[in-house]
1. Rounded to whole Hz and in sequence order, give me ³J(HN,Hα) for segment 49-65 from the Karplus expression 6.51 cos²θ - 1.76 cosθ + 1.60, θ = phi - 60°, writing x for Gly and Pro.
2. Checking the table Lys16/Lys38; Lys35/Lys68; Lys17/Lys68; Lys16/Lys68 against a 30 Å threshold on Cα-Cα, which pairs fail?
3. Glu61 versus Arg26, label points 7 Å from Cα toward the beta carbon: distance in nm?
4. Mind ordering 38-48, 14-24 by average Cβ neighbours within 10 Å, highest first?
Amino acid sequence: MEQELLHQHIATVTDKKKDPNYGLVRGLVPQDLLKKFKIYCVENGVDNSQGLENLLREYFEWKDQEGKEDK
């Protein structure tokens, strides 16, 4: 099962690297945030790339909604 998940992860990342609609984001975060992020990814069955995409989308949707409520 681990090998299957690893294969899916590698295939997904490779596909995204070739996709011109994707860009690379990197950064250093405090260890407590890193741990929470890794737990999030495991709990949701996603790799780091998909986990980051999910959280960024959720955050910006929330910010957009917050901006609409302020107007």
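Laboratory data are not the source of any read-out in this text; all were calculated from the coordinates shown. Being a predicted model, the structure only gives us computed values, none of them experimental. Neighbour counts run over all protein chains shown; Cβ positions are idealised from the backbone, glycine included.
1. 4, 5, x, 5, 4, 4, 5, 5, 4, 4, 4, 6, 5, 5, 5, 4, 5
2. Values: Lys16/Lys38 20 Å; Lys35/Lys68 32 Å; Lys17/Lys68 34 Å; Lys16/Lys68 32 Å.
Over 30 Å apart, Cα to Cα: Lys35/Lys68; Lys17/Lys68; Lys16/Lys68.
3. That separation, rounded to one decimal, is 3.0 nm.
4. Working: 38-48: 12.9, 14-24: 9.1.
Ranking the peptides 38-48, 14-24 by packing returns 38-48, 14-24.
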